[in-house]
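The values are calculated or read from the model by the stated rules, or taken from the named source; none is laboratory data. Keep in mind it's a predicted model, so treat the numbers as computed, not measured. Cβ sites come from the backbone with ideal geometry, for glycine too, and all protein chains shown count toward neighbours. For the accessible areas, the whole protein counts, side chains as well, though only heavy atoms, and no ligand, DNA or RNA atoms are used. Shrake-Rupley method; radii C 1.70, N 1.55, O 1.52, S 1.80 Å.
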Amino acid sequence: MEKHSELYGPQAQTVLQSLANTLERVLSEAVDDFYDKLIQLEAAKRMLDILSCDERLSLKTQQARNLRFLADPALTEHMHRETALHVGRVHAMVGLDKEDLVRSRSVLIGAIQSRVDMSMHGAAIAILGRRLTMDLAYQIESYETLQLARQHALLQITEFAWSAENYTDLIQRCGRVLVELVEVAACAIGRPDAEGTLRFEAAYGQGAEHYLAALSSKEEYRISIHESEPSGRGPTGRSWRSGKPERIRNMQTDPDVERWQRLARDEGIRSSVAIPIRTPGHFPVAILSLYNRLPGGFCGANQRAFVDLLQTLLGFAAARVQAAEGVGRPIPYGQRQRWVSLIRTDALQMHYQPILDLITGSVSKVEVLARLHDMGRVLTPGDFFSVLSTDDFFAIFARGIKQALAQRNRWLNAGFDIGIAINLPSFALGDERYLQATEAALREFACPPQRLTLEVLETERVPAGLEGRDEFGKFKALGILFAEDDLGSGHSSLARLRDLPFDLVKIDRAIVGDAGADATSSLRFVYHLTRLGHSLGKSVIAEGVEDADMLHALRLLGVDLAQGYGIAQPMRGDQLLAWLRGRDRAISPQPHDAPLVQLARRLLWEERVHLNVTQPSCTAGQPAVSEDTASVSTGGTALTDDSGRPM
Ligand code: C2E
Ligand code: CA
Ligand code: CA
């Protein structure tokens, strides 16, 4: 049963029938009159001014059609509501404000009333007027729906503004949320390259990929950020320079975007806003463009507030990820897409870098490092990691651990029992998928869990305290080992080193590799980090060991394991087997007087003297540091040493 029977029932039908012919006669004049009056309202004028002649004509035709529809004796409440909701959505999308909608309703009814004989058609006009009021209510319902959707999108964006792992993660999640909004037909995010040409890095929405492919492949469509170039005068270039959102309210009539008009028309894009992502007082880091299938350019009051909030949120989020990892150079969308699909193919090949046990001289394990084969090049993480999202990292882990454990079994068959150390992204601890993938791979390849080490870059994102122990605990229950990666770099914290259940620590290669610059202080640092690690019951690995002298020095200082170009570069699994077989023959000289070795000895001696002076009772009876030689070989012979470190 319809609620408003007096507006739609048989009674209304009879009343309205008498109006039909009259209405038809006055309709076109009334609509012209309506627009003449509407244009006197400032906001409506702004709206109408951006339309081309054709667009205005079409608007009038639609208005007449809508009036006929509303005056139709056969109109049902359901049909009315559905149509009005749609019209309301369109009005909200073009940025017509609610207040203007209300005002225009009285202008419209006035334009009709003044043209019909009210003594004859008073009752019919009253019904039409009430239907117009209902129409307004339905349309406003659509406004609310759109506004709720915007708020929901902002909430989601707020959430990942805090949690996004990196720039790629941020722009992808943002794009996916925004394109869900009806008023966003497509969206794209990009940054200028060194020449100032905008490179889109993410695109969402129907036709977006095609549109962006055309923008990036044809010189005539190039977008620049430089004012001196015509291609820099569009909204993107302007917003990059002004730091403010810049709009194109109608692609077809705005001379600033003439060069892109045809392309936009073909793709059905009629207006846009370019939003510079930046924090107040800073230059933009990227531009987010929203495209609308209708004119307006996101100019309505609610749309403006939305765009401004979006800019603030994303500016904050971008600053956060930039501070955490930097955003790297812009990588064009096409290349990103290619790499993202390549990592799910055999183009992803893990390489292996030996980790030498400084006590036994054997290669006890290897670190698994991701490599991507792309058009004859072998890319390292520094080349392609910046384009990856959290899901892509998981794909690398899942494929990588299987490749590595399969490879381990091949080495095992050849007589080498080599442990596997694989990198676990710090956000992976809270992600059950990693746990499941680890468990499944151990089972599939029958790998004893203690032969698997997960290397975690310890950052503030790794949960500490109880929660952290819990996350680690689930993995530890499998029996695997944990290593803290890059200890002593900007990320790690000593409190967490104490609290979290790491079995090993890896001293960052920046510290070890720095020995050339200030050898004394970096060796001292390594020594103390090693003692700290040992006192907490953890084994210590030194990374970035680039020459044999350093290896001997580290051994003297008590470091347990070493990894670096001085031992071997990362290599393919089959190459590693050949290397393992060949290394028995390679014997390195034993440097008695290498400066680093001498330095390490002096350091140990100083430390002993210091201990003897400050705590004579504790060290009484211990031998002084021996000046004997230490012998370390990267070529596989056992290490002999008498540095005084307990063996
Ligand atoms: P990392 O975990 O610190 O890995 C060691 C990096 O140091 C490797 O770079 C390795 O090639 C390099 N390296 C080894 N020895 C030396 C040396 O003597 N001198 C110098 N200068 N560098 C040396 P790579 O392979 O480019 O990896 C870079 C980073 O990418 C890794 O740092 C790790 O954080 C990450 N990564 C690599 N593979 C994966 C992976 O499969 N998954 C994840 N999540 N991260 C990975
Ligand atoms: Ca590592
Ligand atoms: Ca490392």
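Per-structure values
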{"read-out": "Theoretical gain in end-to-end length, residue 13 to residue 359 [0.36 nm per residue, Cα-Cα removed]", "value": "114.7 nm"}
{"read-out": "Rounded to 10°, Cα long-axis angle of helix 301-325 versus longest principal axis of the chain", "value": "10 degrees"}
{"read-out": "The range 167-330 shape via C-alpha gyration tensor axes, a/c threshold 1.5", "value": "rounded"}
{"read-out": "Charge context of residue 255, other residues only, Cβ under 13 angstrom, K/R +1, D/E -1", "value": "0"}
{"read-out": "Kirkwood Rh and Cα Rg combined as Rg/Rh, the chain", "value": "1.17"}
{"read-out": "Sequence ranges 566-575, 394-403, ranked by mean other-Cβ count within 10 angstrom, highest first", "value": "394-403, 566-575"}
{"read-out": "Pairwise centroid distance, computed over Cα atoms, of the range 123-144 with the range 205-241, Å", "value": "42 Å"}
{"read-out": "Amide hydrogen neighbours beyond the local backbone of residue 571, cut-off 5 Å, H modeled", "value": "352, 353"}
{"read-out": "Unit charges on C-beta of K, R, D, E only; dipole of the chain, Debye", "value": "740 debye"}
{"read-out": "Distance cut-off 18 Å, percentage of C-alpha pairs in the range 33-86 lying past it", "value": "45 percent"}
{"read-out": "Gain upon complete extension [residue 409, residue 612; 0.36 nm per residue less C-alpha separation]", "value": "68.1 nm"}
{"read-out": "Cα gyration tensor shape for the range 348-587, rounded if a/c is under 1.5, else prolate or oblate", "value": "rounded"}
{"read-out": "Computed magnitude of the charge dipole of the range 348-587 (debye, nearest 20; Cβ of K, R +1, Cβ of D, E -1)", "value": "700 debye"}
{"read-out": "Förster radius 22 Å - calculated FRET efficiency between residue 221 and residue 375 (Cβ-Cβ, nearest 0.05)", "value": "0.30"}
{"read-out": "Relative contact order [Cα under 8 Å, 6+ residues apart], the range 119-190, whole percent", "value": "23 percent"}
{"read-out": "Under the Karplus curve 6.51 cos²θ - 1.76 cosθ + 1.60, θ = phi - 60°, whole-Hz ³J(HN,Hα) for the range 85-100, x wherever Gly or Pro sits", "value": "4, 5, 4, x, 4, 4, 4, 5, 5, 7, x, 6, 6, 4, 4, 5"}
{"read-out": "For the chain, accessible area per residue (1.4 Å probe, heavy atoms of protein chains only), Å²", "value": "45 Å²"}
{"read-out": "Spin-label model distance (nm) - residue 45 vs residue 605, 7 Å beyond Cα toward Cβ", "value": "9.2 nm"}
{"read-out": "Per-pair calculated FRET efficiency, R0 = 41 Å: residue 308 and residue 402 via Cβ, rounded to 0.05", "value": "0.30"}
{"read-out": "Relative contact order computed over the chain (Cα-Cα under 8 Å; 6+ residues apart), in percent", "value": "9 percent"}
{"read-out": "For residue 458, residues with placed amide H under 5 Å, excluding near neighbours", "value": "485"}
{"read-out": "Calculated FRET value between residue 578 and residue 478, using beta carbons and R₀ = 30 Å, to 0.05", "value": "0.40"}
{"read-out": "Principal axis dimensions, the range 380-455 - Cα atoms, whole angstrom, descending", "value": "39, 27, 17"}
{"read-out": "Fraction of alpha-carbon pairs over 27 Å apart in the range 5-152 - percent", "value": "22 percent"}
{"read-out": "Estimated 222 nm signal from helices in the chain, with DSSP H stretches of n ≥ 4 weighted -39500 (n - 2.57), rounded to 500", "value": "-16500 deg cm²/dmol"}
{"read-out": "Filtered trypsin sites (Lys or Arg not before Pro), the range 204-234: DSSP coil and at most 15 other beta carbons within 10 Å", "value": "218"}
{"read-out": "Karplus-derived HN-Hα couplings along the range 235-245 (A = 6.51, B = -1.76, C = 1.60, θ = phi - 60°), whole Hz, x at Gly and Pro", "value": "x, 5, x, 4, 5, 4, 7, 7, x, 10, x"}
{"read-out": "C-alpha long axis of helix 333-342 to longest principal axis of the chain, angle in °", "value": "50 degrees"}
{"read-out": "Sequence-distant residues sharing a close amide H with residue 379 (under 5 Å, placed H)", "value": "372, 373, 374"}
{"read-out": "Value of relative contact order over the range 283-386, rounded to a whole percent, pairs C-alpha under 8 Å and six or more apart", "value": "16 percent"}
{"read-out": "³J(HN,Hα), Karplus 6.51/-1.76/1.60, whole Hz, each residue of the range 43-51, x for Gly, Pro", "value": "5, 5, 4, 4, 5, 6, 4, 7, 8"}
{"read-out": "Full-stretch length increase - residue 76, residue 126 - with 0.36 nm per residue and alpha-carbon distance subtracted", "value": "16.3 nm"}
{"read-out": "Charge tally in the Cβ shell below 11 Å around residue 331, where Lys, Arg are +1 and Asp, Glu are -1, residue 331 excluded", "value": "+2"}
